[in-house]
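The values are calculated or read from the model by the stated rules, or taken from the named source; none is laboratory data. Here the structure is a predicted model, which is why all the values come from computation and not from measurement. Positions of Cβ are generated from backbone atoms using ideal geometry, with glycine treated the same way; all protein chains shown enter the neighbour counts.
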Amino acid sequence: MQVSAMHFKRKATESLRNAKLQKALEKLQSKFVDGRAAAIAELPNFNDIRDAAAEIRARAIENLDQYLLRFEEEATARGATVHWAENGDDVNRVVADIAAQHGARRIVKSKSMVSEECGLNDFLESRGLDVLETDLGEYILQLAHEPPSHIVAPVVHKSKEEISDLFVEKHRRARTTQITEMCREAREVLRPGFLSADMGISGANFIVAETGSVLIVTNEGNGRLATTLPRVHVAITGIEKVVPTLEDVSTLLRLLPRSATGQSITNYVSVLTGTRGKDESDGPEHFHIVLLDNGRSSLLGTELQPMLRCIRCGACMNHCPVYQNIGGHAYGWVYPGPMGSVLTPTFVGLENALDLPNASTFCGECAAVCPVKIPLPDLMRQLRNKQTERGLRPWQERVALRLWSWMAQRPGIYALYARLAARALSWAGGRKKRLHRIPGASGWTKGRDMPAPAGRTFRDLYRSRRSS
Amino acid sequence: MRVGLFVTCLVDLMRPGIGFAALRLLEAAGCEVVVPATQTCCGQPGYNSGDRQAARALALKTLKEFDGCDYLVAPSGSCAGMIRVHYPTLFMDDPTVLESFQRLSERTYELTDFLVNVARLENVPGSFSGSLTYHDSCAGLRELGVQAQPRALLAKMPGVRLSEMRESTTCCGFGGTFSVKFGDISAAMADKKCEHAAQAGTDVIVGGDLGCLLNIEGRLRRRGDEKTRVLHIAEVLAGDG
């Protein structure tokens, strides 16, 4: 996927003015935020489960090499082939080679954000392969040639009317805005795709070291069709998705759907282990698992390592007041919201996503709802530190901060400056006691007034009261 | 007990009345209050903008200034959170001062938290008559657990009718330098806060952090709302409105 994170501010402003998007985001918020709250409330021991989940993920990441090797061993023993990919290009090449090896031409895809990281669809199409997204949201986006704006609800930015128009244009059928009718229509279009596909591609929510299994959670059933009907299944995921045991997965599954969509459990939980056995009636003849690094291992041993615990539930973005106002596209890459503000600079380069770590008020809600307790604001702050260390912040900001800290360390000068500033701003505030414009702070005054100071500083008033 | 009042740079510059209200409340709770004269800023702007060096210098300065106090109390969850939660993390790699910062951390409180849980203020000195709604500022709420404390104090005031707004715990969009760097997003967030407060059917918004209050009031006035008052919790608890 193209990286456009450098245009964050401009795209955020456009999003704020997009009335349709604003309406869609409001719905998302009430569905996912209220949904999560209700689903969490079902669990009397939520905090204990959350502690356990964070511990499982931390342990998996601390021993990542061991669990990955164990996973490879177990998966291979059950007939699967494990491929290691350093970056997106590697994934694309490996998948194209697998298709060539098995003579596959028609591919159905279940949802995979990692494949978005790689730009897999475009690559495979450029090789003359047919790729059909089968997750309803992803299918709609494929028709519209748009990137997802949310990792769980990829098409949340589109209204049903827009989707209806798209269906009329692409399917050439009678227009309907009944959601059940539209779903049926999509199903009818997708079904022949499943039946004729010779390769299925999926992501993975977890991979299990002790059994070599790939686990996916879905709601539409397309994941199960895409991974069991075609003779070849390729699962693509990040190396950090490994979990030691099935027992561990069961703990994580108590939190993943609840945190993501407010469901106690998703409609489907598929544990895909090995190729089709002799006496088995379904499953693929060939099972390939592609494990992508793409910068993940560079976080190991650094202060950003906790980010690797992420299970991609999306709760951080659903609850982020910045995301709630601007949606996902402004973030300019695969992962929006607080999660993206850490992942994008890490994966595509700090200098290519300068705004993202700063695009947070540090309100802390993301960390508060994270099911695996990732301290997202702390991680964003680390990235801000790195920006400063590497001289990536604008000079005006650096000068202002330096000046501020220089003065704040010199109480005499600080007091004098504060006294003058309080007087000047109070005078400038006039009768209405507010400022419409402040030089150097147009970001504030463009959309807000600044209440003017009272006129004298606390320290001056306090001193004169004490001496009187 | 000897309480050092950390006035905060915003209160010092913008609304000294909040500092005096805090002073009055602490004295009403029976505290001996000192106001270290050389205090300036807790260092949060540098800390959150990637300048750890500046933050550390100001942390050391604050540590020294409040050395002789049993407690440090600030009329701000944000500054108190900085001192209580973030100062120790700034010095994790410096065992010579880490312990001092941990001790300072344990003695540091947001004003309402201190009044309820340490000083156990029984009689709230101020008076207020009418309805108001309370905005939970982020750092106080999520870093320090300040939520019930201001409400408990308001409940002691017979004239106060608390009318809760929807999403009172959602950020108002201030976020320090965020409000200038991302003015459009910040103003949009403030807008929602204004709407939720209006829906609560009151024209008084109260909060515990001046940064948020300036943001909310600034947006209200720009929207043309001249009526809604935006007050600091200390002003309500100690005032005569």
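Summary table below
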quantity	calculated
Residue satisfying condition, being of a type in the set (D, E, K, R) and within 7 Å of another protein chain (Cβ to nearest Cβ), within set B:R56, B:R52, B:R2	B:R52
Given (1) within 10 Å of another protein chain (Cβ to nearest Cβ); (2) in contact with a strand residue (DSSP E or B) (Cβ under 6 Å, 6 or more places away or on another chain), number of the condition B:G183 does not satisfy	(2)
The range A:133-152 - residue that is under 18 Å from A:K23 (Cβ atoms) and crowded, with 21+ Cβ neighbours inside 10 Å and, of those, farthest from the chain's Cα centre (by Cα)	A:I140
So A:N325, is it among the polar types (S, T, N, Q), part of a loop (DSSP other than H, G, I, E, B) and modelled with pLDDT of 95 or more	no
Condition check for B:G81: buried (at least 21 other Cβ atoms within 10 Å of the Cβ) and either over 14 Å from the mean Cα position of the chain (by Cα) or at the interface with another protein chain (Cβ under 8 Å from one of its Cβ atoms) (or both)	no
Pairs, first part of a loop (DSSP other than H, G, I, E, B) in the range B:170-187, second aliphatic (A, V, I, L, M) and buried (at least 20 other Cβ atoms within 10 Å of the Cβ), C-beta under 6 Å, six or more apart	B:C172/B:A190; B:C172/B:I216; B:G173/B:M189; B:G173/B:A190
Residue identified as closer than 21 Å to B:F178 by Cβ and in contact with a Lys or Arg (Cβ under 7 Å, 6 or more places away or on another chain) among A:Q387, A:Q409	A:Q387
Within the range A:47-62, tally of residues that are touching a residue at least 60 places away in the same chain (Cβ under 8 Å) and more than 10 Å from A:K373 (Cβ to Cβ)	6
Helices (runs of 4 or more DSSP H) contained entirely in the range B:1-71, each with at least 1 residues that are of a type in the set (K, R) and under 17 Å from the mean Cα position of the chain (by Cα)	B:16-28
Candidates A:A454, A:A367, A:A421, filtered to the one that is under 30 Å from A:F46 (Cβ atoms) and within 9 Å of another protein chain (Cβ to nearest Cβ)	A:A367
Cβ pairs under 7 Å, 6+ apart, first in the range B:212-241 and touching a residue at least 12 places away in the same chain (Cβ under 8 Å) and more than 9 Å from every other protein chain (Cβ to nearest Cβ), second outside any strand (DSSP E or B) and among the acidic types (D, E)	B:K227/B:D203; B:T228/B:D203; B:R229/B:D203
Residue that is buried (at least 21 other Cβ atoms within 10 Å of the Cβ) and either more than 24 Å from A:V217 (Cβ to Cβ) or touching a Gly at 6+ places or on another chain (Cβ under 9 Å) (or both), where the choices are A:F123, A:F167	A:F167
Sole exception among (1) surrounded by fewer than 17 Cβ atoms within 10 Å (Cβ to Cβ); (2) under 43 Å from the mean Cα position of the chain (by Cα); (3) part of a helix (DSSP H, G or I); (4) at the interface with chain B (Cβ under 9 Å from one of its Cβ atoms) for A:L403, by number	(4)
Residues located in the range A:24-80, provided they are closer than 30 Å to A:G274 by Cα and not in a helix (DSSP H, G or I)	A:N63, A:R78, A:G79, A:A80
Hey, A:I311 assigned by TED's automatic domain parsing to the domain that holds A:I98, aliphatic (A, V, I, L, M) and part of a loop (DSSP other than H, G, I, E, B) or not	no
Matching residues in the range A:424-451 - criterion: being more than 7 Å from chain B (Cβ to nearest Cβ), surrounded by 14 or more Cβ atoms within 10 Å (Cβ to Cβ) and either among the polar types (S, T, N, Q) or part of a helix (DSSP H, G or I) (or both)	A:L425, A:S426, A:A428, A:G429, A:T445
Selection count where residues are over 20 Å from the mean Cα position of the chain (by Cα), surrounded by 13 or more Cβ atoms within 10 Å (Cβ to Cβ) and among the aliphatic types (A, V, I, L, M), scope the range A:17-36	0
The range A:255-291: number of residues that are farther than 18 Å from A:S112 by Cα and over 20 Å from the mean Cα position of the chain (by Cα)	16
Residues that are part of a helix (DSSP H, G or I) and out of contact with any Lys or Arg (no Cβ under 8 Å at 6 or more places or on another chain), drawn from the range A:114-128	A:V114, A:E116, A:E117, A:C118, A:L120, A:D122, A:F123, A:L124, A:E125, A:S126
Test: A:V249 is in contact with a Ser or Thr (Cβ under 8 Å, 6 or more places away or on another chain) and aliphatic (A, V, I, L, M)	no
Count - residues of the range A:341-362 that are within 10 Å of the chain's Cα centre (by Cα) and in contact (Cβ under 8 Å) with a residue 60 or more places away in the chain	1
The lone exception for A:E42 - which of (1) modelled with pLDDT of 95 or more; (2) surrounded by fewer than 18 Cβ atoms within 10 Å (Cβ to Cβ) it fails	(1)
Residue that is farther than 25 Å from B:V160 by Cα and not small (G, A, S), where the choices are B:R120, B:R52	B:R52
Members of the range A:452-468 that are in a loop (DSSP other than H, G, I, E, B) and either free of Cβ contacts under 8 Å to residues at least 12 places away in the same chain or not assigned by TED's automatic domain parsing to the domain that holds A:A424 (or both)	A:S468
Any hit, the range A:91-113, residues being under 21 Å from A:L272 (Cα atoms), basic (K, R) and either part of a strand (DSSP E or B) or touching a Phe, Trp or Tyr at 6+ places or on another chain (Cβ under 7 Å) (or both)	yes
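Yes/no per residue for (1) of a type outside the set (A, V, I, L, M, F, W, C); (2) crowded, with 21+ Cβ neighbours inside 10 Å; (3) without any contact (Cβ under 8 Å) to a residue 60 or more places away in the chain:
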residue	(1), (2), (3)
B:L111	no, yes, no
B:F114	no, yes, no
B:E122	yes, no, yes
B:P125	yes, no, no
B:H135	yes, yes, no
B:C138	no, yes, no
B:L141	no, yes, no
B:A148	no, no, yes
B:R151	yes, no, yes
